[in-house]
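Some notes on the structure that comes next.
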Amino acid sequence: MSLRRRLSVAVALTVTAAGVAIAAEASAATRYEAESAPATCDGVIESNHAGFSGSGFCNAGNAAGAAAQFTVTAPAAGTATINIRYANGGTSNRPADVLVNGTVAHTGSAFDPTRGFLTETFDVGRATGAPVIDLHKLSYTLYNSLRFCPFNGDYSSGPVGAFFADDHTHFEAAGARQIAGLVTTAVRDQQLALSAYLR
């Protein structure tokens, strides 16, 4: 699946990978945050995961065409470099086009997985002999099977509203039962000692 990132700017851009910071060749960088105007987000602004800059991040809809768009005014036309800071909690690259003034400036830019916290968790588990349940993978697999994507940003109605609480972080009773089921199944599958206490 390809997500398209749109940038509306009056300068030519070169994408490096790494908020969005845009710097004209001889000027200081300016940070543009996806949660602040004049940016727009095809999704929801959230702050439920650590590591973001500003007051939150754009959790774009998981659909082709979803985008974060930034309006940038440059004093003059010229070359600029952009650095895009992002998170990809999946296991594979999610290529996206970068557009400038509606025209593709970079096709299929790589947005590789940034699952460092998961890798570190498994590393600690191996080092200490502690079992690890990858609830991240289990939960997004469940969400995909329930067809939560594409998501229109409305946590108050439909199947997403029945699953998640309005704070975008916690679950309603039905969702909590399904997440608890994922954990208990993983405890049994991994034959953890705790499984003796499960019904």
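The values are calculated or read from the model by the stated rules, or taken from the named source; none is laboratory data. A quick note: this is a predicted structure, and the numbers were derived from the prediction, not measured. Reconstructed Cβ throughout: ideal geometry from the backbone, glycine too, with neighbour counts over all protein chains shown.
A few notes on this one:
- One residue stands out among those in segment 79-89 that are within 28 Å of H49 (Cα to Cα) and buried (at least 17 other Cβ atoms within 10 Å of the Cβ): the one that is farthest from the chain's Cα centre (by Cα), which is I82.
- Test: residue in segment 15-33 that is at pLDDT 65 or above, under 15 Å from the mean Cα position of the chain (by Cα) and among the polar types (S, T, N, Q): no
- Among residues of segment 76-91 that are among the basic types (K, R), those with a beta-carbon under 8 Å from a residue that is exposed (fewer than 15 other Cβ atoms within 10 Å of the Cβ) and part of a loop (DSSP other than H, G, I, E, B) at least six positions away or on a different chain give the pairs R85/A18; R85/S53.
- All positions within segment 161-183 that are among the aliphatic types (A, V, I, L, M) and in contact with a helix residue (DSSP H, G or I) (Cβ under 6 Å, 6 or more places away or on another chain): A162, A174, L182
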